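Asker: Shown below is the structure under consideration.
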Amino acid sequence: MAHDKHFTNQEFKVVGTRVPRPDGVDKVTGRARYGADAFAPGQLVGAILRSPHAHAKIRKIDASKAEKLKGVKAVVTSADLPDLTNGRRDMLDILENCMARGRALYDGHAVAAVAAIDAETARKALKLIKVDYEVLPHVTDVDEAMKPGAPIVQPWVRTAGVDPAPTKASNVSQISTFGHGDVEAGFAEAHVIVERSYKTEQTHQGYIEPHACLASVNPDGTGELWVTTQGHFVFRNVCASLLGMEVAKLKVTSSEIGGGFGGKTHVWIEPVALALSRKANRPVKLVMTRDEVFRATGPTCSTSVDVKIGATRDGIITAATATLRYQDGAFPAIWGMLGAMTSFACYDLKNVKSVGYDVLVNRPKVAAYRAPSAPMAAFGVESTIDQLAAEIGMDPVEFRIKNAAKEGTRASYGPTYGPIGIGPTLQAAKNHPHMKAPLGRNQGRGMACGFWFNFGGQTCVDLNIGVDGTVNLTVGTVDVGGSRASMALIAAEELGIPYERVRCNVADTVSLGHNDMTEGSRGTFSSGMATVFAARNAIEVLRERAARTWDIDVSKVEWQDGKAVAMGSEHSNLSSLSIEELAAASPNTGGPIAGHNEVVADGAGVSFATHICDVEVDPETGKTRVIRYTVIQDAGKAIHPDYVEGQFQGGAAQGIGWALNEEYVYGDDGRLQNPGFLDYRIPVCSDLPFIDTQILEIPNPNHPYGVRGVGETSIVPPLAAIANAVSNAVGVRMTHIPMSPPRILKAIKAHRAESEAAA
Amino acid sequence: MHEVQLTASLRDAADGAASVTIDAATIRELLRKLVERYPRMQRRLDEGIAVSINGEIYRDNWSETIPDGAEVFLLPRIQGG
């Protein structure tokens, strides 16, 4: 029981309630300290010089004038970040992305950095650094990068996943194939086949807080880093490795985080800040501008996707294929592979094949963005599914229900599913009032499904009971969406005490064992599991203390509703002992009372969602207004329903921006044209309807409370759901995301011209 | 004995094999024997790998036991946001 990971269908008293979050007051009063809110005596201001070229050889960097400028304390280049990676190409890629090594690989790539006494001096110093570039041919489009003769981004890359292994350099770093059955035979059985190509443009996570850190390295080899991150333990390990520091000597503290969504799972400026501090022997604060965030952190991929699906007239899919080309920026990654893995995961398919291409271009290194790669694959697949349903004259929800994956289905990426929630989300969508609401003129409705894997990982929790019986719960997963409240609820549930008696904090790296990133929708799943086990360990200690107090055997003590109770008629004269009483007596019963747990929380359980969307499109301007939006998703168990709903709504809101407006625009010169929120338009409140939510709870068998991750899946269906809605509204199939007003107008006009030509 | 399925992107490290038969009680033993047979697989393990046992994906817990007759897939390690 104590450490049993399996779901036990426990009845809850506080889990599932909507309590106030512990960080709420600090955040609404401005007391919360984010990445840029740390200060140290004698701190310097860091600034980074970035390449104006998409691709260039760096022949020489002359920093002599900058170094002589009064107030400049250090200038660093790649020479100050030597290669200590011992042949690990993945680590060298991280280092090279943080500071160019001989070649600038994209517009915005860091080539040098300075630390100075103030921002003005730092900016002046950057202007004094002379970089001699030899501009090289560049490529920024994913399809162009795959053509013969395209400029090669990384000459050392040979395409993995092909036999025989190639000997020539290619921009295709990896080809990943998934599937089973015989797709050609399956298409031969189909009565109707729909085949389409789709494109999505590159988008940024758009977190409001830019990357920021305060680094301090001492001559004795110790150091500290205050940073906005999704995983300070991983940042510690990576930075220590890149800078040749010992892990235990680098203390990393995570600040409050103003959004990450995957973009703060990678280091960008942190090794540079540490290198500056080491050279200057002073603390260095480095804060990115918004321009830098867009040009030099990790947006998601732009993609080019072909989908072909065949079905019988009675609505059974007989075969499905997808070719998915994802641009990874300038460094090899696995985003095309993940697109291929997730593309058909919602469906029970006899014959299926998906091929993912990971493609290098002269754009910034791509990072994860909430269920990375799945939204673009779902856009292509769910758009094609909708067209296929229309071709055979079947309701799109019914068509999906008929083909939905279920327990026992072999997933398109290989394994066989256990209990999953795609069917129930579709049934809920079918029965939802939204599906039956009338639509007006120029309005359209769309729906789509989405899948994400979820995962757990290494997790460590401390639970300490104070002398007054209140509880400090210390976790190592960064709170990106209310997880401190959820963790406190879980501890309160196990201990049988009020939520208000538990305070959850995120520890720095010297105060707790390693914790993996808050990514993969793992925070509440994995730290929640560790909290359950840590609380149960503490209860064991509490029972022992009560037994000692009563001088009876511990087997005769049970923990009930926050109290130790002596069992058996022979002890009926013993009054129960509360957690407060046991805590107060603890100095004389054995000392502090605590519970700890370290766990590898695997078995996170896959996640599914179905979204419904209504839009109104102005046929004169092409502007789309989302007028109603509903998210239905399986949460396994919603520990704190507010924050589960918040994740559902947040994913949908980001998906709406991605679907309708957001887009990296590159010029012919390979430079990003819109690195700011004025020209890169994320949705604001007035762009969004109230996003309705419906939480389904299909327990994850591999978590004691049945929890599944909820943070990512909600961004998977919106591109497709909105594209289906817009296509239904305007009567033209939209195949290019974002569906910005010019793109919609162009599609409407082209359709009109085709119709007139046909008439 | 387990029939371990390899996703296509891992097969080049296993001389092109789509599946391999390995007798292993745990993930750790499975991976050790896999590397013994295909030394090039070590690099893939270093880059990150996941093992699916009866549909549950394990990324880190190499002590997980593999039941008799279990469906076993070797997958690349996934990343999240």
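The values are calculated or read from the model by the stated rules, or taken from the named source; none is laboratory data. The structure presented is a predicted model; accordingly, all values stated were derived computationally and were not measured. Here the Cβ is made from the backbone with ideal geometry for all residues, glycine too, and neighbour counts use every protein chain on show.
Asker: Checking the condition within 14 Å of another protein chain (Cβ to nearest Cβ) and either touching an Asp or Glu at 6+ places or on another chain (Cβ under 6 Å) or closer than 30 Å to A:P22 by Cα (or both), which residue from A:T297, A:T265, A:T318, A:T253 passes? It would help to see each step written out before you state the result.
Answerer: Working: A:T297 fails: either touching an Asp or Glu at 6+ places or on another chain (Cβ under 6 Å) or closer than 30 Å to A:P22 by Cα (or both); A:T318 fails: within 14 Å of another protein chain (Cβ to nearest Cβ); A:T253 fails: within 14 Å of another protein chain (Cβ to nearest Cβ).
None of the other options fit; the residue is A:T265.
Asker: Could you list all residues from region B:47-57 that are farther than 14 Å from A:F453 by Cβ and either free of Cβ contacts under 8 Å to residues at least 24 places away in the same chain or surrounded by 18 or more Cβ atoms within 10 Å (Cβ to Cβ) (or both)?
Answerer: Selection gives B:I49, B:I53, B:N54.
Asker: So which of B:D60, B:D15 ends up being over 17 Å from A:M341 (Cα atoms) and either surrounded by fewer than 16 Cβ atoms within 10 Å (Cβ to Cβ) or among the hydroxyl-bearing types (S, T, Y) (or both)?
Answerer: Values: B:D60 fails: either surrounded by fewer than 16 Cβ atoms within 10 Å (Cβ to Cβ) or among the hydroxyl-bearing types (S, T, Y) (or both).
Criteria check complete, one pass: B:D15.
Asker: Just one of the numbered conditions (1) closer than 30 Å to A:D669 by Cβ; (2) within 14 Å of another protein chain (Cβ to nearest Cβ); (3) among the basic types (K, R) is not true of A:R370; which one?
Answerer: (1)
Asker: I need the strands (runs of 3 or more DSSP E) fully contained in region A:111-210, keeping only those with at least 1 residues that are among the charged types (D, E, K, R). Lay out the reasoning, then the answer.
Answerer: Numbers: elements: A:130-135, A:172-180, A:192-200.
Filter on region A:111-210 gives A:130-135, A:192-200.
Asker: Scan region A:24-46 for residues that are loosely packed, with under 11 Cβ neighbours inside 10 Å and either within 25 Å of the chain's Cα centre (by Cα) or among the β-branched types (V, I, T) (or both) and jot them down.
Answerer: The answer is A:V28, A:T29.
Rundown of residues vs (1) among the hydroxyl-bearing types (S, T, Y); (2) touching a His at 6+ places or on another chain (Cβ under 9 Å), yes/no style:
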{"residue": "A:A594", "(1), (2)": "no, no"}
{"residue": "A:V615", "(1), (2)": "no, no"}
{"residue": "A:E620", "(1), (2)": "no, no"}
{"residue": "A:R628", "(1), (2)": "no, yes"}
{"residue": "A:A635", "(1), (2)": "no, no"}
{"residue": "A:D669", "(1), (2)": "no, yes"}
{"residue": "A:Y680", "(1), (2)": "yes, yes"}
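Asker: Need the failing condition index for B:I78 against (1) within 11 Å of chain A (Cβ to nearest Cβ); (2) over 22 Å from A:D358 (Cα atoms); (3) in contact (Cβ under 8 Å) with a residue 24 or more places away in the chain; (4) surrounded by 19 or more Cβ atoms within 10 Å (Cβ to Cβ), just the number.
Answerer: If we test B:I78 against (1) within 11 Å of chain A (Cβ to nearest Cβ); (2) over 22 Å from A:D358 (Cα atoms); (3) in contact (Cβ under 8 Å) with a residue 24 or more places away in the chain; (4) surrounded by 19 or more Cβ atoms within 10 Å (Cβ to Cβ), just (2) comes out false.
Asker: Give me the residue from region A:143-187 that is touching a strand residue (DSSP E or B) at 6+ places or on another chain (Cβ under 7 Å), farther than 21 Å from A:A56 by Cβ and of a type in the set (A, V, I, L, M) and, out of that set, farthest from the other protein chains (Cβ to nearest Cβ).
Answerer: A:M146
Asker: May I pose another question? Going by the structure shown, is A:P689 within 22 Å of A:P641 (Cβ to Cβ) and surrounded by 21 or more Cβ atoms within 10 Å (Cβ to Cβ)?
Answerer: Values: within 22 Å of A:P641 (Cβ to Cβ): yes; surrounded by 21 or more Cβ atoms within 10 Å (Cβ to Cβ): no.
Considered against the rule, which asks whether it is within 22 Å of A:P641 (Cβ to Cβ) and surrounded by 21 or more Cβ atoms within 10 Å (Cβ to Cβ), A:P689 comes out as no.
Asker: Here's another thing I want to ask about it. Within region A:697-720, how many residues turn out to be within 14 Å of chain B (Cβ to nearest Cβ) and closer than 30 Å to A:L660 by Cβ?
Answerer: 9
Asker: Residue check: is A:I612 assigned to a loop (DSSP other than H, G, I, E, B), in contact with a Ser or Thr (Cβ under 6 Å, 6 or more places away or on another chain) and either modelled with pLDDT under 95 or surrounded by 23 or more Cβ atoms within 10 Å (Cβ to Cβ) (or both)? Spell out the reasoning first.
Answerer: Working: assigned to a loop (DSSP other than H, G, I, E, B): no; in contact with a Ser or Thr (Cβ under 6 Å, 6 or more places away or on another chain): yes; either modelled with pLDDT under 95 or surrounded by 23 or more Cβ atoms within 10 Å (Cβ to Cβ) (or both): yes.
Against the criterion (assigned to a loop (DSSP other than H, G, I, E, B), in contact with a Ser or Thr (Cβ under 6 Å, 6 or more places away or on another chain) and either modelled with pLDDT under 95 or surrounded by 23 or more Cβ atoms within 10 Å (Cβ to Cβ) (or both)), A:I612 does not qualify.
Asker: Now a separate question. Report yes if A:Y347 is of a type outside the set (D, E), on the phi < 0 side of the Ramachandran plot and surrounded by fewer than 24 Cβ atoms within 10 Å (Cβ to Cβ), otherwise no. Steps first, answer last, please.
Answerer: On the way: of a type outside the set (D, E): yes; on the phi < 0 side of the Ramachandran plot: yes; surrounded by fewer than 24 Cβ atoms within 10 Å (Cβ to Cβ): yes.
So A:Y347 passes the test.
Asker: With the condition kept exactly as written, say whether any residue in region A:599-614 is under 30 Å from A:N702 (Cβ atoms), charged (D, E, K, R) and within 30 Å of the chain's Cα centre (by Cα). Talk me through it step by step, then tell me what you get.
Answerer: As a first pass, look at region A:599-614 and keep what is under 30 Å from A:N702 (Cβ atoms): A:599-612.
Those left that are additionally charged (D, E, K, R): A:602.
Still in the list and also within 30 Å of the chain's Cα centre (by Cα): A:602.
Scanning region A:599-614, I find at least one residue that is under 30 Å from A:N702 (Cβ atoms), charged (D, E, K, R) and within 30 Å of the chain's Cα centre (by Cα), so the answer is yes.
Asker: Hey, can you tell me all the residues within region A:70-93 that are part of a loop (DSSP other than H, G, I, E, B) and buried (at least 17 other Cβ atoms within 10 Å of the Cβ)? Steps first, answer last, please.
Answerer: Going through region A:70-93, the residues part of a loop (DSSP other than H, G, I, E, B) turn out to be A:70-71, A:77, A:81-88.
If the condition is that a residue be part of a loop (DSSP other than H, G, I, E, B) and buried (at least 17 other Cβ atoms within 10 Å of the Cβ), then A:T77, A:L81 are the ones that fit.
Asker: I've got another one for you. Would you pick out the residues in region A:552-599 that are within 14 Å of chain B (Cβ to nearest Cβ) and buried (at least 20 other Cβ atoms within 10 Å of the Cβ)? Steps first, answer last, please.
Answerer: Filtering region A:552-599 for residues within 14 Å of chain B (Cβ to nearest Cβ) gives A:598-599.
Of everything in region A:552-599, just one residue is within 14 Å of chain B (Cβ to nearest Cβ) and buried (at least 20 other Cβ atoms within 10 Å of the Cβ), namely A:V599.
Asker: OK, next. So which residues in region A:383-411 are surrounded by fewer than 22 Cβ atoms within 10 Å (Cβ to Cβ), under 27 Å from the mean Cα position of the chain (by Cα) and among the basic types (K, R), if there are any at all?
Answerer: If the condition is that a residue be surrounded by fewer than 22 Cβ atoms within 10 Å (Cβ to Cβ), under 27 Å from the mean Cα position of the chain (by Cα) and among the basic types (K, R), then A:K406, A:R410 are the ones that fit.
Asker: So is A:I737 touching a Pro at 6+ places or on another chain (Cβ under 8 Å), touching a residue at least 60 places away in the same chain (Cβ under 8 Å) and of a type in the set (V, I, T) or not? Quick ask: steps written out before the conclusion?
Answerer: Details: touching a Pro at 6+ places or on another chain (Cβ under 8 Å): no; touching a residue at least 60 places away in the same chain (Cβ under 8 Å): yes; of a type in the set (V, I, T): yes.
For A:I737, the condition - touching a Pro at 6+ places or on another chain (Cβ under 8 Å), touching a residue at least 60 places away in the same chain (Cβ under 8 Å) and of a type in the set (V, I, T) - is not met.
Asker: Only one of these conditions is not met by A:R503: (1) under 17 Å from A:H640 (Cβ atoms); (2) buried (at least 19 other Cβ atoms within 10 Å of the Cβ); (3) touching a Ser or Thr at 6+ places or on another chain (Cβ under 9 Å). Which number is it?
Answerer: Tallying (1) under 17 Å from A:H640 (Cβ atoms); (2) buried (at least 19 other Cβ atoms within 10 Å of the Cβ); (3) touching a Ser or Thr at 6+ places or on another chain (Cβ under 9 Å), A:R503 fails exactly one: (2).
Asker: Of all residues in region A:717-755 being out of contact with any Cys (no Cβ under 8 Å at 6 or more places or on another chain), assigned to a loop (DSSP other than H, G, I, E, B) and not charged (D, E, K, R), which is surrounded by the fewest Cβ atoms within 10 Å (Cβ to Cβ)?
Answerer: So, considering only residues that are out of contact with any Cys (no Cβ under 8 Å at 6 or more places or on another chain), assigned to a loop (DSSP other than H, G, I, E, B) and not charged (D, E, K, R), the one surrounded by the fewest Cβ atoms within 10 Å (Cβ to Cβ) is A:G731.
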